[in-house]
Structures are given as structure tokens and as C-alpha cells.
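The structure under discussion appears below in the form of C-alpha cells.
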Amino acid sequence: MRMLINVAETVVADALRGMAAAHPRLTVDVENRVVVRSDAPVAGRVGIVSGGGSGHEPLHAGFVGPGMLSAACPGEVFTSPVPDQMVRAAAAVDSGQGVLFVVKNYTGDVLNFDMAAELAEDEGIQVAKVLVDDDVAVTDSSFTAGRRGTGATLFVEKIAGAAAEEGAPLERVEALARQVNASSRSFGVALSAVTTPAKGTPTFDLPPGELELGIGIHGEPGRERRPMMTSGEIADFAVDAVLDDLRPTRPVLVLVNGMGATPLLELYGFNAEVQRVLTERGVAVARTLVGNYVTSLDMAGCSVTLCQVDEELLRLWDAPVETPALRWGR
């Protein structure tokens with residue numbers, strides 16, 4: 001497998017050095033693996049910290065900046081960051097108003113963020129946590145107990161970040177983050193397997209002409225395998241799986257997300273089918289975002305995330321944001 005890397009052992013550090021060179025408004029600590037907005041801590045503002053294994057870019061470091069995350073902690077590829085990273089990030093962004101940890105529901109992330117919260121509180125930093133568990137495909141997998149955290153992480157980080165930017169107190173920012181997670185559901189589909197730098201070969205076998213319905217962002221097994229389906233057929237299956245669980249009564253935010261190797265040409269075509277299904281099911285769409293945002297290295301495929309929103313959540317979604325991967329209104 002050909003990869004645009006030097007050696008597998010330095011792939012994360014190399015990426016962080018490149019990120020620092022490309023985005024001078026970020027403070028990138030390559031040695032300690034922490035990415036912080038350069039104006040942190042911002043006086044009178046809650047800090048928001050997230051993180052997880054590398055390989056899902058732009059999640060999370062690509063979402064650091066005004067209107068979204070205050071800091072991110074990248075782990076090794078598909079491996080949780082360690083508590084020391086999280087404590088360092090919390091200390092860097094705490095203005096005295098507290099820090100919210102946004103945690104995807106993967107066992108390593110949950111354990112390490114829990115430990116980091118205790119250590120940060122020992123240092124006098126008030127910490128709240130929200131767990132993202134939006135994936136409806138399976139209940140348990142090789143990386144989790146309960147539902148996996150996937151595309152809704154973007155919605156949680158954006159809306160909580162907007163509230164923090166406006167000066168909302170920690171309790172309110174936490175409540176909004178929990179509301180967004182509870183209002184979101186996701187479903188993913190793989191058209192190819194994922195290859196990690198350390199392994200150099202696909203991490204699971206997906207024969208040509210087949211797809212995996214309900215895949216996780218680390219290549220975890222989904223609900224079932226089927227012969228290749230059309231974009232429209234995949235949209236019918238994925239959107240119905242989300243709607244059967246979410247049952248929205250309000251307009252929804254739509255994220256049509258690429259897994260890393262699927263081009264925008266195909267993603268926009270898939271979005272057309274997603275919008276068709278939502279129209280047929282009588283679901284109003286408030287906003288749509290299309291692109292590669294919560295990825296799995298070189299996996300071909302897509303996911304659909306829906307978040308039903310009230311007026312406040314929609315206002316916070318529309319609020320200005322300026323990060324490497326998401327920016328509008330500034």
C-alpha cells in the first residue's frame with residue numbers, strides 16, 4: 001500500500017508540524033500533542049477540549065479556533081490520547097470559567113478523559129464532560145460499550161463552541177452539548193477497508209463488489225454486508241436507519257460525511273439522494289454540510305448524521321466560526 005508518509009512512527013508528529021506551518025493562528029505543541037487556539041485562554045469564556053485517535057482528520061484538531069474548540073488532543077492513529085495531554089490542554093484554555101470535555105464513546109477515550117477530569121480538578125480546573133454516542137448501527141463493538149460516537153461530534157463541538165464564544169456559563173454549554181447529542185443520530189457505510197500506517201495493509205477484508213452497512217470510523221463491523229448498492233439505495237437504507245431511531249419532529253441539520261477516500265463529486269450526488277429520502281419522509285432540512293469531516297484514513301464510504309434543532313440550536317450552528325476545516329460568518 002502506497003502512503004504519502006516518511007515512516008509510520010512519525011506520521012502524527014509530521015502532520016502536526018505541517019499543521020503548525022499552515023495555520024499560524026494555532027499553537028501546536030508537537031512534542032506533547034496538544035493543539036490550542038493561539039488566543040487561549042479567552043477571558044470570561046468556557047474552554048472546550050476534545051480529542052481522540054489520529055486518522056479522523058479534520059476531527060478534532062481541524063476544528064480548533066474561534067467559535068468551536070479551544071484545544072484538541074490527537075492520539076496515535078486510532079488510539080486514544082493520554083490523560084496528560086488532556087490536562088495540559090485544559091490548563092492552556094481555562095480562563096477560570098471551567099472546561100468542557102467532548103468525548104466520543106470509545107472505551108479508551110472515555111477512561112482517559114475521566115482520569116484527566118479528575119487530575120484537572122485536582123489542579124483547580126472545573127471540568128464538565130459530555131459523551132457523544134450517536135451511531136445507530138450497532139449497540140456494542142470492538143471499541144465501545146454502547147453506541148459509538150461519530151458524526152454528531154461535529155455538531156456538538158460547533159454548537160457548544162458557539163455558546164462558549166458568546167460567554168455562556170459552563171452549565172449552559174454542557175446542557176446544550178448534551179441536547180445536541182441527544183438530538184443526533186448517524187449511520188455509516190464502507191465501500192472499502194481502511195489501511196493504517198503501522199499495518200500497511202487493509203485492517204479487514206471487504207471483497208470487491210461488496211459494501212459494509214453500519215461501519216464504524218475505525219473499520220469496526222457494521223450490521224451486515226451486501227452486494228454493491230446504488231447511491232440511492234444506500235441513502236434509503238442509511239436515512240431510514242437514522243429516522244427509525246431519531247423520529248424527528250423538528251427540522252434537521254444534515255451532515256453528509258465522507259470517510260476519507262470518497263470524492264466530493266460522489267458525496268454531492270449522494271447528498272441529492274439523502275435530500276430525496278428526507279423529502280419523501282416529510283422531514284424538513286434546516287442546513288446541510290457535505291464533505292470529509294469525520295474520516296477513517298483512506299476508507300471509501302460515507303455517513304449520514306441528522307440533528308433535529310430548535311431555534312437556539314440553529315442560531316448557534318449559524319454563528320461565526322473560524323477553524324482550519326470549518327469557517328463562516330467571520
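The values are calculated or read from the model by the stated rules, or taken from the named source; none is laboratory data. Only a predicted model underlies this, so the values are computations on that prediction, with no experimental measurement involved. Methodologically, a virtual Cβ is constructed for each residue, glycine included, from the backbone with ideal geometry; neighbour enumeration extends over all protein chains shown. The protein model used for the area step is the full one, side chains on, heavy atoms only, and it has no ligands, DNA or RNA in it. Shrake-Rupley method; radii C 1.70, N 1.55, O 1.52, S 1.80 Å.
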Task: Long-range neighbours under 7 Å by Cβ, at least six apart or interchain, first residue without any contact (Cβ under 8 Å) to a residue 60 or more places away in the chain within the range 46-69, second of a type in the set (Asp, Glu) and assigned to a helix (DSSP H, G or I) - done: 52/109
Task: All positions within the range 8-32 that are open to solvent by less than 70 Å² (accessible area, probe 1.4 Å) and among the β-branched types (Val, Ile, Thr) - done: 10, 11, 12, 28, 30
- [ ] Filter the range 56-94 down to residues that are more than 14 Å from residue 322 (Cα to Cα) and in a helix (DSSP H, G or I), then give me how many there are.
- [x] 11
- [ ] List every residue pair whose Cβ atoms sit under 8 Å apart, with the two residues 6 or more apart in sequence or on different chains, where the first one lies in the range 294-312 and is in the same structural domain as residue 274 (by TED's automatic domain parsing) and the second, anywhere, is basic (Lys, Arg).
- [x] 305/185; 306/185; 308/250; 309/250; 310/250
- [ ] Mind counting the residues in the range 227-236 that are surrounded by 15 or more Cβ atoms within 10 Å (Cβ to Cβ) and more than 17 Å from residue 257 (Cα to Cα)?
- [x] 1
Open item on the list: Within the range 196-207, does at least one residue satisfy the condition of being touching a strand residue (DSSP E or B) at 6+ places or on another chain (Cβ under 9 Å), without any contact (Cβ under 8 Å) to a residue 60 or more places away in the chain, in the same structural domain as residue 50 (by TED's automatic domain parsing) and within 24 Å of residue 256 (Cα to Cα)?
Closed with: no
Open item on the list: List pairs: first residue in the range 173-187 and at negative phi, second residue aromatic (Phe, Trp, Tyr) anywhere in the structure, Cβ distance under 9 angstrom, at least six positions apart or on different chains.
Closed with: 180/155; 181/155; 183/155; 184/155; 187/237
- [ ] Scan the range 1-41 residue by residue and report those that are among the β-branched types (Val, Ile, Thr), part of a helix (DSSP H, G or I) and in contact (Cβ under 8 Å) with a residue 12 or more places away in the chain.
- [x] 11, 12
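Results for (1) over 18 Å from the mean Cα position of the chain (by Cα); (2) buried (at least 24 other Cβ atoms within 10 Å of the Cβ); (3) hydrophobic (A, V, I, L, M, F, W, C), shown as yes or no for each residue.
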{"position": "146", "(1), (2), (3)": "no, no, no"}
{"position": "165", "(1), (2), (3)": "yes, no, no"}
{"position": "178", "(1), (2), (3)": "no, no, no"}
{"position": "188", "(1), (2), (3)": "no, yes, no"}
{"position": "193", "(1), (2), (3)": "yes, no, yes"}
{"position": "198", "(1), (2), (3)": "yes, no, yes"}
Open item on the list: Is it the case, given these coordinates, that residue 277 is farther than 25 Å from residue 105 by Cα and without any contact (Cβ under 8 Å) to a residue 40 or more places away in the chain?
Closed with: no
- [ ] Could you please let me know if residue 213 is outside the structural domain of residue 301 (by TED's automatic domain parsing), touching a residue at least 40 places away in the same chain (Cβ under 8 Å) and either open to solvent by less than 60 Å² (accessible area, probe 1.4 Å) or of a type outside the set (Gly, Ala, Ser) (or both)?
- [x] no
Task: Count of residues meeting criterion [open to solvent by 40 Å² or more (accessible area, probe 1.4 Å) and either modelled with pLDDT under 95 or under 16 Å from residue 72 (Cα atoms) (or both)] in the range 118-130 - done: 1
Task: Condition met for residue 294 (of a type in the set (Val, Ile, Thr), in a loop (DSSP other than H, G, I, E, B) and closer than 22 Å to residue 218 by Cα) - done: yes
TODO: Hey, can you tell me all the residues within the range 65-117 that are surrounded by fewer than 20 Cβ atoms within 10 Å (Cβ to Cβ), more than 23 Å from residue 26 (Cα to Cα) and among the acidic types (Asp, Glu)?
DONE: 114
TODO: Say whether the condition of being on the phi > 0 side of the Ramachandran plot and modelled with pLDDT of 95 or more is met by at least one residue in the range 15-31.
DONE: no
